[in-house]
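Novice: Right, I'll just put the structure down here and ask away after.
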Amino acid sequence: MDDDDRMQFEGKWDQLKGRVKESWGVLTDDDLKRTEGKWDRVVGTIKEKTGDTTESIERRLRELLS
């Protein structure tokens, strides 16, 4: 993940968090609030809750940015 994608993601967090929650239904509002929209925290939380690989999570997040 490059810095531009991270900045874009974090800048659009309020718009994206609903899509993130839809994509990973196991996430709660509290989970998302704790991440503060920070890329690494979002990826870590999703990985912890789902067991998905970092690569698959990042790929899916990039798709949500598109």
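The values are calculated or read from the model by the stated rules, or taken from the named source; none is laboratory data. Values in this document were obtained by computation on a predicted structure and should not be read as measured data. Using ideal geometry, Cβ is built from the backbone for each residue, glycine included, and neighbour counts are taken over all protein chains shown. Keep in mind that these areas ignore ligands, DNA and RNA; they rest on the heavy atoms of the full protein, side chains included. Shrake-Rupley method; radii C 1.70, N 1.55, O 1.52, S 1.80 Å.
Novice: In Å², what does the accessible area per residue of the chain work out to with a 1.4 Å probe?
Specialist: Roughly 65 Å² per residue, with all protein chains present.
Novice: Give the carbon-plus-sulfur fraction of the accessible surface of the chain in %, rounded to a whole number; probe 1.4 Å, heavy atoms of protein chains only.
Specialist: Accessible surface attributable to carbon and sulfur in the chain totals 42 percent.
Novice: Grab the DSSP H runs of the chain that are 4 residues or longer, score each as -39,500 (n - 2.57), total them, divide by all residues and round the 222 nm result to the nearest 500 deg cm²/dmol.
Specialist: Value at 222 nm, helices only: -23000 deg cm²/dmol.
Novice: Still on this model: Given 4 °C and 1.567 mPa s, compute D for the chain with the Stokes-Einstein relation, Rh being the Kirkwood radius over Cα pairs; round to the nearest whole µm²/s.
Specialist: 112
Novice: Now for a separate question. Explain nothing, just the number: relative contact order of the chain, from Cα pairs under 8 Å at least 6 residues apart, as a whole percent.
Specialist: Answer for the chain is 36 percent.
Novice: To continue, here is another question. Among 50, 25, 65, whose Cα sits farthest toward the positive end of the charge dipole of the chain (+1 at Cβ of Lys/Arg, -1 at Cβ of Asp/Glu, about the Cα centre)?
Specialist: 25
Novice: Where in region 28-47 does the label zone of residue 59 land, with the point 7 angstrom along Cα→C-beta and an amide N cut-off under 16 Å?
Specialist: 47
Novice: Given labels modelled 7 Å from the Cα in the Cβ direction, how far is it in nm from residue 26 to residue 3?
Specialist: Calculated label separation equals 3.4 nm.
Novice: State the number of lysine pairs found in the chain whose Cα atoms come within less than 14 Å, restricting to pairs 8 or more positions apart or on distinct chains.
Specialist: Lysine pairs satisfying the spacing and distance rule in the chain number 6.
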